[in-house]
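Enquirer: Quick one: this structure, given as structure tokens, is what I'll be asking you about.
Any read-out appearing in this document is the output of simple, stated calculations on the displayed coordinates, not a laboratory observation. Just so you know, these numbers come straight off a predicted model, no measurement behind them. Cβ placement follows ideal geometry from the backbone for every residue including glycine, while neighbour counts extend to all protein chains displayed.
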Amino acid sequence: MKKLHKHLIVAAALVAAFAAALGAFLLFSPDDRDAGGVNVQPAAEALPVRDSSHRLTEPEKSELTIVEFLDFECEACGAMYPVVEKLREEYGDRVTFVARYFPMPGHRNAEPAARAAEAAARQGKFEEMYTKLFTTQKEWGESQDWKESVFRGYAEQLGLDMDQFDADLADPETAGRVQADQRDGLGLGVQGTPAFFVDGTMFQTPGSYEAFKAVIDNRLSD
């Protein structure tokens, strides 16, 4: 029965990956790129995680790697944030959790928020900005006004060097870093957020902490 359960999980992951690959070109049509600020092509050799990817946990001996392609303005990502935080607390000494940018078309402030996180990362404060953006999402998300001034306020609260933060926020390399994550996501078949990969395999986002925990426990028991 346990073996059958594992096969069903793998099958579900493959179905999700196929559906994502089929829909990606529709989601990121040229019109969407113009409207939402997304103007990237899928990576030719896409990887779920790279050496430069932001790791939220770095266990001494990692038994599993979970990667999330996320959009800081996405309400579903916001809903999953406390779930991921609880899982990080429970499995952080065994599982590597990785956050990658995937700002979606139609979310006006998703890309600026990702750049703010990357600018904070250049001062060693990625996790702090990641946390700030998700815990305040309801204050700035779903707005048609630019919120870079709000993100600057968060940077000040985190004690960042503001001259450097402003320079990094405007640096084309910062935007390029965000786009590099998007290219990998598109190349892997990501069509929406949050999109999770477990040891390189995309799987359907669990609807609850208990469901996500079951996936992790199943993999760790292999």
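Enquirer: Could you check the spin-label model distance between S221 and E45? Points 7 Å from the Cα along Cα→Cβ, value in nm.
Expert: 3.8 nm
Enquirer: Run the numbers for K138 and E156: contour at 0.36 nm per residue of separation, minus the present Cα-Cα distance, in nm. Intermediate values should be presented prior to the final figure.
Expert: On the way: separation 18, 0.36 × 18 = 6.48 nm, distance 1.95 nm.
Once the chain is fully extended between K138 and E156, it gains 4.5 nm.
Enquirer: What are the ³J(HN,Hα) values, in whole Hz, obtained from phi via the Karplus relation 6.51 cos²θ - 1.76 cosθ + 1.60 with θ = phi - 60°, for each residue of segment 66-76 in sequence order, with x given for Gly and Pro?
Expert: Here the 3J(HN,Hα) series is 10, 10, 10, 8, 10, 10, 5, 8, 6, 5, 5 Hz.
Enquirer: Here is a further query. Give K86/K213; K138/K213; K86/K132 a once-over and call out the pairs whose C-alpha atoms are over 21 Å from each other. Intermediate values should be presented prior to the final figure.
Expert: Values: K86/K213 10 Å; K138/K213 26 Å; K86/K132 16 Å.
Those over the limit are K138/K213.
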